[in-house]
Amino acid sequence: MKRLVTLLFSALLAWLALPGLGLAAEPLAGREFKAISPPLASTKDKIEVIEFFSYGCPHCSDFHPLVSKWSAGLPKDVTFRRVPVSFNRPEWARLARIFYALETTGDLAKLDTAVFIAIHEQRVAFKTDEAVVAWAAGKGVDRKKFADAMSSFAMQSKVQRGDQDATAARIGGVPALAVDGKFLINNEAANSYEDLLRITDSVIAKARQDRKGK
């Protein structure tokens with residue numbers, strides 16, 4: 001009888017460790033995540049998740065609705081920030097400026113998804129700043145404010161800082177997720193975008209536990 005109880009208890013623990021159930025499995029260092037050394041600058045009061053992405057990346061376009069829904073349900077001790085990267089490609093640097101310009105004018109929430117759709121479904125060519133401004137104005141964005149934001153020195157600095165953080169995190173492609181400035185999720189360990197977010201959840205739990213241990 002005692003042996004049966006022990007077996008049942010072990011089975012229960014194994015069941016609880018399954019994704020989405022009571023206990024999250026401990027993420028595997030070197031396989032599911034890699035240490036970022038030295039760590040990126042991160043918020044001290046909350047665990048920050050950074051998504052490195054580009055509007056020009058088709059994988060980022062597919063991932064966008066999933067990560068948006070996921071980030072909206074994060075615990076109160078976790079924040080989410082998106083960083084567009086260029087990988088030193090001028091056309092992707094322009095796309096990164098679109099993100100920051102929309103953020104500056106307050107139109108990001110309205111047109112974020114629309115940029116992905118324009119590029120990957122409607123095949124809109126954003127080959128010049130003028131083409132971008134014309135597109136944004138056609139969507140109801142204040143033309144002058146958007147054009148000024150696109151061409152500002154501050155915008156160039158933001159793009160450079162994003163690329164610097166991506167380099168420091170040693171990301172090999174996008175989308176890429178970093179947790180608490182210390183852990184880079186290994187995309188190759190995930191079987192799907194949903195699995196990628198599951199791994200991220202487990203790394204968030206690890207970061208939370210690490211903070212408690214300090």
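Which residues among the range 75-96 fall inside the zone where the amide N is under 18 Å from a point 7 Å beyond the Cα of Ser157, along Cα→Cβ?
Taking a point 7 Å out along Cα→Cβ of Ser157, the residues of the range 75-96 whose backbone N falls under 18 Å are 84.
Only helical DSSP H runs with n ≥ 4 go in: add -39500 (n - 2.57) per run for the chain, normalise by residue count and round the 222 nm mean residue ellipticity to 500 deg cm²/dmol.
Working: 8 runs with 114 residues, N = 214.
Taking each H run of at least 4 residues, the total per residue is -17000 deg cm²/dmol.
If a paramagnetic tag sat 7 Å from the Cα of Leu66 along the Cα-Cβ line, which residues of the range 174-192 would have the backbone N under 16 Å from that point?
Answer for this model: 174-178, 185-192.
Once you have the Cα-Cα distance between Gln209 and Lys44, take 0.36 nm times their residue separation minus that, and quote the gain in nm to one decimal. Walk me through the intermediate numbers first.
Values: separation 165, 0.36 × 165 = 59.40 nm, distance 1.44 nm.
Using 0.36 nm per residue and subtracting the Cα-Cα distance, I get 58.0 nm.
Compute the helix-to-body angle for 90-105: its Cα long axis versus the longest principal axis of the chain, expressed 0 to 90° and rounded to tens.
90 degrees
Return, ordered by residue number, the residues of the range 28-65 whose backbone nitrogen is under 15 Å from a label point located 7 Å along Cα→Cβ of Gln164.
Only 38-42 fall inside the zone, counting backbone N under 15 Å.
Would you work out which of Phe183, Val83, Val159 lies farthest towards the positive end of the dipole of the chain? Charges go on Cβ: Lys and Arg +1, Asp and Glu -1.
Value computed over the given set: Phe183.
Using a Cα-Cα cut-off of under 15 Å, which aspartates and glutamates could be cross-linked to Lys110, ignoring same-chain neighbours fewer than 8 residues away?
Asp142
In nanometres, what is the gap between the two model label sites at Ala134 and Arg31, each 7 Å from Cα along Cα-to-Cβ?
Going by the 7 Å Cα→Cβ label model, 5.3 nm.
Leaving out ligands, DNA and RNA, and with a 1.4 Å probe, what % of the accessible surface on the chain is carbon or sulfur?
Numbers: 6830 of 12030 Å².
Roughly 57 percent of what the probe reaches on the chain is carbon or sulfur.
Tell me, what is the FRET efficiency for Glu194 and Lys144 to the nearest 0.05, using R0 = 41 angstrom and their Cβ-Cβ distance as r? Don't jump to the answer; show the numbers that get you there.
Numbers: r = 42 Å, r/R0 = 1.02.
That gives a FRET efficiency of 0.45.
The values are calculated or read from the model by the stated rules, or taken from the named source; none is laboratory data. What you are looking at is a predicted structure, and each value in this text was computed from that prediction instead of being measured. Positions of Cβ are backbone-derived with ideal geometry, glycine not excepted, and every protein chain shown enters the neighbour counts. The accessibility values were calculated without ligands, DNA or RNA, using every heavy atom of the protein model including side chains. Shrake-Rupley method; radii C 1.70, N 1.55, O 1.52, S 1.80 Å.
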